[in-house]
Structures are given as C-alpha cells and as structure tokens.
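Notes for the one structure printed next.
The values are calculated or read from the model by the stated rules, or taken from the named source; none is laboratory data. Since the model is a prediction, treat every value here as computed from it, not as a measurement. All Cβ positions, glycine included, derive from the backbone under ideal geometry; neighbour counts span all protein chains shown. Heads up: the accessible areas ignore ligands, DNA and RNA and are worked out on the full protein's heavy atoms, side chains in. Shrake-Rupley method; radii C 1.70, N 1.55, O 1.52, S 1.80 Å.
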Amino acid sequence: MVLHWVFGNAGKRKGGRPSGAAPKPAYEEAKRIAASDDVKARAALAAHEDLEPEILYFFASDEATEVRRAVAVNQGTPLQADRILATDRDGEVRYQLARKISRLVPTLSRDEADRLTRMAMEVLEILARDDLPRVRATIADEIKRADNVPGRIVRQLARDVEEMVSAPILEYSPLLSDQDLLEIVAGGCGGGALVALSRRPGLGERVSDAVVNSRNVQAVAALLGNRTAAISGKTLDMIAVDAEDRVEWHAPMVDRENLPSRIIRRIATFVSAALMDKLIEMNQDQATLVGELRQTVRKRIERGDFAGDDPDWEPAEERAQRLFDGGNLDEAVIVRAIDKGDNAFVRYALTHLSGLPFKTVTSMLNTGSGKAITALVWKAGLSMPTAHLVQTRVARVPQKSQLRPGPGDAFPMSEADLGWYIECVGG
C-alpha cells in the first residue's frame with residue numbers, strides 16, 4: 001500500500017491525537033495557536049497526527065525546541081517537514097526523527113512511488129551522516145535487516161568509527177557483499193565491530209580467512225562459535241596451531257560440528273578435562289577416532305595435565321561406567337551432575353540406566369521434544385522432577401515444549417504413552 005500519509009495526513013489512522021489530549025481544534029483555531037506565543041499550546045498542537053500538513057511543515061521551523069521535537073515524533077508529519085528536521089540544531093530532535101524515519105524505511109517496498117522512496121531515503125541519508133553517534137546508531141539498528149536501503153548508506157554505516165553504529169550493520173545487513181566485508185576488514189576493522197562481523201550468518205570462507213588473519217582473539221572466538229560460517233580446512237589448521245594459548249577458542253572449537261579428524265586430534269592434546277569429555281561424546285560415531293582420544297586422555301592423565309581442573313578427574317564415560325558397575329549410579333548423582341553442568345556424564349548415565357544405545361540417548365536429547373526426553377528419563381527409572389531438569393538444563397528444550405511434573409510430581413503422560421515414545425522415538 002502506498003504510504004500517502006508521508007506527504008501529509010491523508011489516509012492516516014483515525015483518532016490522530018496524543019493519548020488523553022483534547023480533540024484537534026478547527027483549522028482556523030489551529031492557525032491562531034500556531035501563530036501565538038504560547039509554546040506549550042503550540043507543542044500540544046504539533047503532537048496531533050491528524051493536524052493539517054501545512055501547519056506541521058510550519059512547525060518544523062518553530063523557534064521552540066519543544067515544538068520541533070513534537071513534530072519530529074509525530075507520525076503524521078509530511079516528509080518535506082522531516083527533511084527540514086534532519087538538519088535541526090537540536091540533537092534530540094534529530095534523534096527522535098531518526099527513530100521514526102528508520103522504522104518507516106523497511107516498510108517501503110520497491111513498488112512504492114519513486115517520489116516517496118526518494119524523499120524517505122534522502123532524510124535517512126542525512127541522518128546517517130549525523131554528528132551524534134546515537135542518531136547514526138538508531139538508524140543502523142533499525143535498518144540492519146532491511147533490503148531496500150541504498151547500498152551507499154549501508155556501506156557508510158558499516159565503516160562508521162563507532163562500534164555502536166557499525167556492529168549491527170556488519171552482523172546483519174543483507175546488502176553487504178563478501179567483497180564489501182573483505183574491504184572493511186582490510187581497512188582496519190577491529191574490536192566489537194569485527195566480532196559482530198564474525199557472527200554474521202552465512203559468512204563465506206574468504207571473509208572467515210580475513211577474520212583469522214586479523215589476529216583478533218575475540219573475533220576468532222566469535223567466528224568459531226558461528227556455526228553458519230564456512231571455515232576452510234587450511235584456516236582451521238592455522239587456528240588449531242595457535243589455539244593452545246587461546247583459551248577463548250577452546251569451547252567454540254570443540255562445539256563445531258564436522259571438524260576434520262586431524263584438528264580433533266590436535267586440540268585433544270590441550271583442551272580441558274570437561275572439553276575432552278565433550279569431544280569424545282560428540283564423536284561417538286567415529287570408533288577409531290574415539291579410541292585415539294581415549295588413549296590421549298590416558299597419556300594426559302599420566303602426565304598430570306588435568307590436575308589443574310580436578311586432581312581426581314576421570315573421563316565422564318568411565319565415571320558413569322564405574323558408578324553403574326558399583327551400583328552407585330542413582331538419581332542424586334545425576335542431579336548433582338546436572339547442577340554442575342556435567343552434561344556429558346548425564347548422557348552416559350542415562351545410557352547405562354535406560355539400557356538404550358548412547359547414539360539413541362543422544363538423539364532423543366537433541367530432539368527438542370519434552371515428551372521424548374521425559375520418556376527417556378522415565379525409561380532410566382528416574383523421577384519427573386529430574387526429567388524436567390534434564391529438559392531445561394541439559395537438552396535446553398524451549399519453554400513451550402517442556403513437560404512439567406503433574407500433581408505429586410507424577411509423570412504427566414501415561415506409561416503407555418511413555419513406552420510408545422521409547423519404542424518410536426528411541427528406536
């Protein structure tokens with residue numbers, strides 16, 4: 001729909017006046033108030049969204065800042081007046097205008113009348129060059145996902161010296177090409193701006209290479225944590241070589257899926273005990289590799305590598321097996337492990353107690369289904385409160401999909417339904 005209202009108040013929503021304010025005065029009375037010395041009355045009049053466009057245009061040059069601010073906020077102000085306000089001497093006027101105009105721009109489709117779009121973009125471009133960082137930041141945050149903004153405005157904001165301006169554009173704007181990003185990195189992009197760029201969805205290998213070559217530790221950590229970023233094997237090798245002294249990289253590197261075996265073997269020589277548990281857990285489908293990782297664990301235990309983590313540490317898989325064999329793998333042990341965030345141990349414990357294969361247990365925990373996970377915990381002989389803990393703390397099930405204990409902490413599903421989930425979902 002063409003947004004006629006940007007030229008004036010035609011087609012605006014009904015009831016266009018401030019909440020709790022008196023009705024808009026008649027035209028002649030409005031002209032009288034506009035010409036009066038009563039600043040408060042003029043500001044109140046300027047807040048009416050259904051005020052005649054020519055009066056709002058007149059108010060855009062009012063000597064009183066309060067009046068101009070009211071015009072800047074007013075959704076019914078014609079774009080011709082907004083153009084005047086875009087260079088207003090008062091920073092708050094420009095800030096309020098930036099909030100309004102940047103929220104309008106994403107609603108303009110490519111089918112809008114050329115004049116509409118041209119005028120809106122002209123105001124936007126002026127504000128994108130504003131001296132106040134918060135004005136530019138407001139524009140950037142509101143248009144960061146827009147695909148109908150002139151590329152020159154987006155590229156300008158992406159290169160802004162203020163991170164609060166450039167970061168949202170670098171992370172989200174669909175209008176930045178890989179070449180734009182490469183030029184921005186080469187131009188010295190750093191700090192929080194480079195970290196934001198590293199989180200960008202669908203990052204290509206060339207840009208990932210550039211981020212790694214920047215030697216920015218936090219940006220590389222963000223890149224590793226970005227599961228949608230493509231990172232070449234050669235670049236992963238470079239990261240693995242430097243990673244031993246970069247603790248910030250360890251967890252996101254272990255969490256990356258489909259790491260080459262050579263990288264896994266490399267990082268297994270220096271990551272913490274907890275991450276070793278996770279590394280073994282994540283690669284259970286590669287029997288040969290898991291065997292090598294277990295040997296690496298043995299050697300590191302013998303060398304005392306894990307003493308700093310916990311002098312009595314042993315791999316989660318072996319702890320679960322030892323406790324199960326000794327008849328000591330009970331609900332209290334599992335709840336304590338959940339409280340410590342020892343999720344690898346919980347998975348192995350559920351495997352032993354349920355009698356299901358580890359792969360099946362992992363698959364059920366990864367379903368995001370409160371029902372499937374509740375059935376798994378029931379099969380393991382544990383209580384519904386523990387099932388809820390596993391849902392929230394281990395499997396991170398979305399709240400709307402969680403099952404909660406029934407009256408008396410009972411399972412909210414029948415045994416027949418629980419068994420059905422084990423049979424069908426658990427294989």
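Would you please give the FRET efficiency between E122 and F270, computed as 1/(1 + (r/R0)^6) with r the Cβ-Cβ distance and R0 = 35 Å, to the nearest 0.05?
Values: r = 56 Å, r/R0 = 1.59.
Efficiency, from the Cβ-Cβ distance: 0.05.
Any idea what the dipole of the range 267-353 comes to, in debye rounded to 20, about its Cα centre with Lys/Arg Cβ at +1 and Asp/Glu Cβ at -1? Numbers along the way, then the final one.
Working: 11 positive and 17 negative charges, 43 e Å.
In debye, rounded to 20, the range 267-353 gives about 200.
Got a sec? Which residues in the range 328-365 would a label at S401 touch, if it sits 7 Å along Cα→Cβ and we count backbone N under 18 Å?
360-365
Could you compute the longest span of the chain free of GluC sites (Glu not before Pro) located in DSSP loops and having at most 10 other Cβ atoms within 10 Å, not counting the site residues? Could the numbers behind the result be given before it?
Working: sites that count: E63, E257.
Within the chain, the longest run free of exposed GluC sites (Glu not before Pro) spans 64-256.
Assuming R0 = 45 Å, can you tell me the calculated FRET efficiency for the pair D37 and D242, based on Cβ-Cβ distance, to the nearest 0.05? Working shown, then result.
On the way: r = 70 Å, r/R0 = 1.55.
Calculated transfer efficiency: 0.05.
Can you find, among G202, M282, P106, the residue sitting farthest towards the positive end of the charge dipole of the chain, where Lys and Arg contribute +1 and Asp and Glu -1 at Cβ?
P106
Just the accessible area for R319, please: 1.4 Å probe, Å², rounded to the nearest 10?
Counting only protein heavy atoms, R319 exposes about 50 Å² to solvent.
May I ask you to compute the full-extension gain from Q295 to D90, defined as 0.36 nm times their residue separation minus their alpha-carbon distance, rounded to one decimal in nm?
Numbers: separation 205, 0.36 × 205 = 73.80 nm, distance 6.84 nm.
Roughly 67.0 nm would be gained on extension.
So what J values fall out for the range 249-265 if you push phi through Karplus, 6.51 cos²θ - 1.76 cosθ + 1.60 with θ = phi - 60°, rounded to Hz, Gly and Pro as x?
Per residue, the Karplus-derived 3J(HN,Hα) values read 8, 4, 4, x, 6, 5, 6, 5, 7, 6, 5, x, 4, 5, 5, 4, 4 Hz.
For every other residue with a beta carbon closer than 11 angstrom to the beta carbon of L289, add +1 if it is Lys or Arg and -1 if Asp or Glu, then tell me the sum. Intermediate values should be presented prior to the final figure.
Details: positive: R262, R265, R294; negative: D285, E292.
With Lys, Arg at +1 and Asp, Glu at -1, the neighbours total +1.
Under a Cβ-Cβ cut-off of 10 Å, what is the net charge of the residues other than S383 that fall near it, where Lys and Arg count +1 and Asp and Glu count -1?
Details: positive: none; negative: E331, D409.
Summing Lys/Arg as +1 and Asp/Glu as -1 gives -2.
Classify the range 50-140 as rounded, prolate or oblate, taking a ≥ b ≥ c as the square roots of the eigenvalues of its Cα gyration tensor: rounded when a/c is under 1.5, otherwise prolate if a/b is larger than b/c and oblate if not. The partial results should precede the final answer.
Numbers: a/c = 1.99, a/b = 1.13, b/c = 1.75.
Oblate is the answer for the range 50-140, as a/c is 1.5 or above yet b/c matches or exceeds a/b.
What are the ³J(HN,Hα) couplings of the range 299-314, residue after residue, when phi is run through the Karplus curve with 6.51, -1.76, 1.60 and θ = phi - 60°? Round to Hz, x for glycine and proline.
Result, rounded to whole Hz: 5, 6, 5, 4, 7, x, 4, 9, 4, x, 6, 5, x, 9, 5, 9.
Could you identify which residue out of Q399, Q179, Q284 has the top mean-square fluctuation in a GNM of the chain using Cα springs shorter than 10 Å?
Highest fluctuation of the listed residues: Q399.
Applying the Karplus parametrisation 6.51 cos²θ - 1.76 cosθ + 1.60 with θ = phi - 60° to the phi angles of the range 74-84, what ³J(HN,Hα) value in whole Hz is obtained for each residue in order, glycine and proline being reported as x?
Once rounded to whole Hz, the list reads 4, 5, x, 5, x, 4, 4, 6, 4, 4, 5.
Taking amide hydrogens as modeled 1.01 Å from N in the peptide plane, which residues meet the under 5 Å criterion relative to G76, leaving out close sequence neighbours?
Excluding prolines and chain starts, which carry no amide H, there are no hits.
Rounded, prolate or oblate: which fits the chain when a ≥ b ≥ c are the square roots of the eigenvalues of the alpha-carbon gyration tensor, with rounded for a/c under 1.5 and prolate only if a/b beats b/c?
On the way: a/c = 3.38, a/b = 1.96, b/c = 1.72.
Prolate.
When the Cα centres of the range 49-99 and the range 372-427 are compared, how far apart do they sit, in Å?
57 Å
Given labels modelled 7 Å from the Cα in the Cβ direction, how far is it in nm from S414 to F358?
Between S414 and F358, the simple spin-label model gives 3.7 nm.
Using a/c under 1.5 as the rounded threshold, could you call the range 159-218 rounded, prolate or oblate? The axes a ≥ b ≥ c are square roots of the C-alpha gyration tensor eigenvalues, and prolate needs a/b larger than b/c, oblate otherwise.
Details: a/c = 1.41, a/b = 1.07, b/c = 1.32.
It is rounded, given that a/c, with a ≥ b ≥ c, falls under 1.5.
Mind checking the full-extension length gain between T288 and L132? Use 0.36 nm per residue of separation minus the Cα-Cα distance, one decimal, nm.
On the way: separation 156, 0.36 × 156 = 56.16 nm, distance 5.91 nm.
Gain in length upon complete extension: 50.2 nm.
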